[in-house]
Amino acid sequence: MHYIKRIFNKNRKKNRPAYIKPSSIHQPVFPTVQENIEYMKDALFHTDDLVSQTVAIPGYTSQFLFMYTMCDQQKIRDEILKPISENKGADLKELLITMRANKHNDLEKTIDLLISGNAVLFIEGLEECYVIEVKSSHVRSISEPANERIVEGSHEGFVENVSINLQLVRKHIANRNLVVRRYQLGNETKIEAVIIYLRNIANPAIIEKIDHRIRSIEADSITSAEFVEEYIEESSLSPFPQLLHTERPDRVIGNLLEGRVALLAEGSPTALIMPVTFFSFYQSPDDYGYRSLQASFIRFIRVFSFVIAVALPAYYIAVVSFHFEVIPQDLLLPIKSSIEHIPFPPILEALFMELTIELLREAGMRLPGPVGQTIGIVGGLVIGDAVVKAGLVSNAMIIVVALTAIASFVVPSHEMSGSVRILRFPVMIAAALFGFIGIVYSLMIILIHLCLLESFGRPYFAPVAPFRWKDWKDTFIRMPQQKLKRRPHDPAPQQSNLQPQSEKEEKRDGQSEGATN
């Protein structure tokens, strides 16, 4: 039997296609133009959008290549043809300076530049080529992100061009310490990605860990920043997101100033912020536009909505199935009359309504805007009224499911909202099997998981675990700006102070840090 398995495994390995990595061969530029043109055409398999054009440089035989699907024809006329026609008597070196051409001597690297939207100029007798940037750019206007609208604050949003996104960040952080590191991701797609951070604030160990994980990505298909998330996060099987998604420059800037790192990629308006904590997903730029009392009240409601969204349906199922004694006397008869003719147990009622809400939500998202809103509202009203009249679901269950859905939509982050909607189902099942004991144990498991989870080596449930009282000023509530004198401790910033502190405050903070450590 063991021998047969060995033969089977050997044949399976033999039939498995070998993974071919992109070529890293260095190919020098040929001295003749025709050899270079033929090499480039062969390397690109004679694709029809590759165009070769002869240009008349006095004293030289020359041709340039470009891909018309990636290049701007007006730029070709302005950057290549016009300088050559206007400077016929100029020296070749001066002409290349006028054309803003960059010298290269490796044809393999030049191919990558060619398919990125550059033109390549070959000159007879020279063992080097010249790359001129003539990339076509189609960029949508900067507008507020549709899924992160706020009342107070900036209304700028990222676009699909990484250079414009970096400009939006640098416009607000005119600081020499703002560092950009570039990467090329995807063996086949080869998209440009960058990480940005403040060198004097961000922790070097975290930066190196992020850099190592990004460089370790071996995948053919990386088309946006969202694809990178599961490759670099700490635990891909956790229901909780460990990187914060945002399309808002002001949110990225705020996190950079706290010592975190942001990742941007070409073709995606989303920035990934790391490392983050659980409470980062319940913070919004609106919190810093409102006064502290109003912002604290709204933030507390958001955090409390997590408990409602996860535990409310489970609590109702446990009460109806096992613990009628906790219902107030005045509510006992109305609830009993509401559920006594329902043929299904509470868990089936809850699962039916929760899945119906999810279906309506997905239908509303996929349909065009006005139609999607109509389907969501009308569908909810019609289905809710119909199932109650048909005796399939009780009135109380409709109220519980509606409150749960509203609580799950309060979260400012779409990723955390999805996690909350997933977590409520195992808690409901535990409540249906064991009542309050099932709810307590399932919530304990969630809490233990949050305490053990890390984001790039930093505690995910900080400042609750490990407990750090000073960071509570901007967690469940938001204290006035003049009280927020220190950066959060969770990203381990090199500089802790946001504002100057008195000697008494510095001494007290030093003592509290020593006690914490």
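Read the figures in this text as sums done on the coordinates, not as results from a lab. Just so you know, these numbers come straight off a predicted model, no measurement behind them. All Cβ positions, even for glycine, are placed from backbone atoms using ideal geometry, and neighbour counts span all protein chains on display.
A few points about this structure:
- Per residue, the convex hull volume that the Cα atoms of segment 121-164 enclose (Å³): 84
- Contact order for the chain, expressed relative to its length and based on alpha carbon pairs under 8 Å spaced 6+ residues apart, stands at 13 percent.
- Kirkwood Rh and Cα Rg combined as Rg over Rh, evaluated for the chain: 1.08
- The Cα atoms of segment 288-452 define a convex hull whose projected area, averaged across directions, is 12.0 nm².
- Across segment 170-180, coupling constants 3J(HN,Hα) worked out from phi with the 6.51/-1.76/1.60 Karplus curve, θ = phi - 60°, read 5, 4, 9, 10, 7, 9, 5, 7, 6, 10, 10 Hz, and Gly and Pro carry x.
- According to the calculation over all Cα-Cα pairs in segment 421-460, the P(r) per 5 Å bin from zero is 6, 25, 22, 19, 13, 9, 5, 2 %.
- Dipole magnitude for the chain: computed about the Cα centre from +1 point charges on Lys and Arg Cβ and -1 point charges on Asp and Glu Cβ, it is near 1160 debye.
- Helix-only CD estimate at 222 nm, as mean residue ellipticity for the chain, using -39500 (n - 2.57) per DSSP H run (n ≥ 4): -15000 deg cm²/dmol
- Mean-position separation - Cα centroids, segment 382-400 and segment 452-493, in angstrom: 43
- Multiplying the residue separation of Gln329 and Val382 by 0.36 nm and removing their Cα-Cα distance gives an extension gain of 15.9 nm.
- For segment 84-195, the alpha-carbon coordinates run over 62, 36, 30 Å along the three principal axes, in decreasing order.
- Legend: calculated FRET efficiency, Leu293 to Ser137, from the Cβ-Cβ distance at R0 = 56 Å, rounded to 0.05, equals 0.75.
- Under the combined filter of DSSP loop state and at most 16 neighbouring Cβ atoms within 10 Å, segment 171-236 retains these GluC sites (Glu not before Pro): Glu188, Glu218.
- Cα-based convex hull, segment 261-369, per residue volume (Å³, whole number): 215
- Segment 43-139: trypsin sites (Lys or Arg not before Pro) in DSSP coil with no more than 13 other Cβ atoms inside 10 Å: Lys88, Arg100
- Which listed pairs, of Lys93/Lys190; Lys336/Lys389; Lys103/Lys209; Lys41/Lys103; Lys82/Lys190, have C-alpha distances above 27 Å, in listed order: Lys93/Lys190; Lys103/Lys209; Lys82/Lys190
- In summary, the convex hull built on the alpha carbon positions of segment 33-133 has an orientation-averaged projected area of 5.6 nm².
- Contact order, relative form, for segment 96-160: 27 percent (alpha carbon pairs under 8 Å, 6 or more residues apart, mean separation divided by residue count).
- Distance histogram in 5 Å bins (all Cα pairs of segment 162-285, percent per bin): 2, 11, 23, 25, 22, 13, 4, 1
- Unit Cα scatterers, Debye sum, segment 297-361: log10 I(q)/I(0) for q = 0.18, 0.27 Å⁻¹: -0.84, -1.16
- Between segment 162-213 and segment 115-146, the C-alpha centres lie 22 angstrom from each other.
- Over segment 395-463: Rg over Rh, Cα atoms, Kirkwood Rh: 1.04
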